[in-house]
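In what follows, a single structure is set out as structure tokens and then discussed.
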Amino acid sequence: MAEYIVMPKLGFDMREGVLNTWLKKIGDPVSKGEVVAEIESDKATLELESQVAGTLLQLLHQAGDVVPVGANMAIVGHEGESLPSLTGDNGSGETVEAKASRDHEPVVASPSAPSTGSPASAEKAMADETYPGGVKATPVARRLAEEKQIDLLDVRGSGPDGRITKADVEAFVVTPKLSPAVTMTTPSISPATVEAGPESEEIALTRLRQAIGRRMVESKTTVPHFYVTTEIDMAPVLELRKQVNATLSDDQKVSVNDLVVKAAALAVRDFPNLNAAFAGDKIIRHKRVNIGSAVAVEGGLTTIVQKDTDISSLSKVATDNRAMIARAREGKVRPDDVEGGTFTVSNLGVYDVDHFIAIINPPEAAILAVGSAREVPVVKDGQLGIGTRMKATISADHRVTDGAEAAQFMQRLKELLEKPLRLLV
């Protein structure tokens, strides 16, 4: 039975994507999970995996089209299958979506119905509680959103795997302007008017640069940041890394950032307010600890997310991060690489940076900024010597946590890195 491939939501704030190229042509077999196209979001170029299996019967969009989240992109079914349930009212065999694509007006699947045209597919969508476009919501949340005329694409889910619950919709009703998916600006401040002259040039902002600018304005104008810095003796963890890497092949070696990420995961588990999000009149604490790592890519940065970091082995953290960072820099990020983060680490140590503060990545409640580990003069037991020290700073949302709790988190992080065997357990 024919079904649609739809534009998925690749990141909580994604509204649309650009279809770069189809990797399949009409008549080709398609397996579920197989990469069928490359799309560009405001974060990176990603591989679109088919949500269905069969034969590719029709392409509803062409390279270069801007496709909204949830829009139908292609039809997959049995070879030679007729598509009466997917055709327009004129019976010509042309789908409504195909006509819209031809007219450059893509049709988005209704938020209250599945994106396929079959009863069986509708039952499957309800059983999976999956919102068109990959936005998961419980039936109660869907019904409440429909009653309140709320677009679920604007709501941040706090349930398992980011599923939207009734509480999430209710929180959005109370404070819709604080929803992380809503583009926010500073109403009282306008950018200065600057015109390019003969000694300057204009460079159009990329989608990635636009997204970074939008999110940073949102964060700094809506989230009350505060900062706590500590200095960590890195000699023990660097020695541990040396011993661990001596037993591993080059493609398995552990980086300093992997050790910091693992330590941050264990520390944040002890302080759940830092593994949380602000939701109007409540705090949403996440049950999973998914640590994001900021990665510099061409034209900006993105954040890859290692899942269940607190219970993953150090080698798994290292392997996952290495693979995701490589994909990010090659422009081949997968949707799961950038979704589900609950806490972020931004590490500029490789750039010989002593100390910096980072801007919180909404809707997360905190971000950890890490500088270089360097040899410096230290006083120990009244004696002057040389030690290896690293400065780290947490930026935290004062609506969710306070200075004392953030300081305790930093103490725990310091303890884990200065007595690092716990990172291997």
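The numbers here are math on the coordinates, done by the rules we state, and not lab data. Only a predicted model underlies this, so the values are computations on that prediction, with no experimental measurement involved. Cβ sites come from the backbone with ideal geometry, for glycine too, and all protein chains shown count toward neighbours.
With neighbour counts taken as other beta-carbon atoms within 10 Å, the residues Val194, Val350, Val261, Val52 rank, fewest first, as Val194, Val350, Val52, Val261. At a temperature of 20 °C and a viscosity of 1.002 mPa s, determine how fast region 215-293 diffuses translationally according to Stokes-Einstein, using the Kirkwood radius over alpha-carbon pairs as Rh; express D in µm²/s, rounded to the nearest whole number. Answer from the Stokes-Einstein relation: 137 µm²/s. Scanning residues 5 or more positions from Arg399 or on other chains, none has an amide H under 5 Å from its amide H, with H placed 1.01 Å from N in the peptide plane.
Here's how it looks for Ile5: its modeled amide H is under 5 Å from those of Met73, Ala74, Ile75, Val76, which are all 5 or more places away or on a different chain.
Its convex hull of Cα atoms gives region 272-329 a direction-averaged projected area, equal to a quarter of the hull surface, of 4.9 nm². The distance from the alpha carbon centre of region 300-373 to that of region 199-274 is 5 Å, rounded to a whole number.
With the simple spin-label model, which puts each label point 7 Å out from Cα in the Cβ direction, the His225 to Ala326 separation comes to 3.3 nm. Cross-linked pairs Lys391/Lys419; Lys380/Lys419; Lys262/Lys332; Lys282/Lys307; Lys262/Lys287; Lys166/Lys282: Cα-Cα separations exceed 20 Å for Lys262/Lys332; Lys282/Lys307.
Neighbour counting of Cβ atoms within 10 Å sorts the residues Glu147, Glu195, fewest neighbours leading, into Glu195, Glu147.
For region 298-425, relative contact order (Cα pairs under 8 Å, six or more residues apart, normalised by length) works out to 19 percent.
The HN-Hα couplings worked out from phi for region 147-155 by the Karplus form 6.51 cos²θ - 1.76 cosθ + 1.60 (θ = phi - 60°) are 5, 8, 6, 10, 7, 5, 5, 8, 9 Hz, whole numbers, x standing for Gly and Pro. Quarter the surface of the alpha carbon convex hull of region 266-419 and you get the mean projected area, 10.5 square nanometres.
With neighbour counts taken as other beta-carbon atoms within 10 Å, the residues Tyr227, Tyr351, Tyr4 rank, fewest first, as Tyr351, Tyr227, Tyr4.
Take the Cα of Lys25, step 7 Å toward its Cβ, do the same at Gln383, and the gap between the two points is 7.5 nm.
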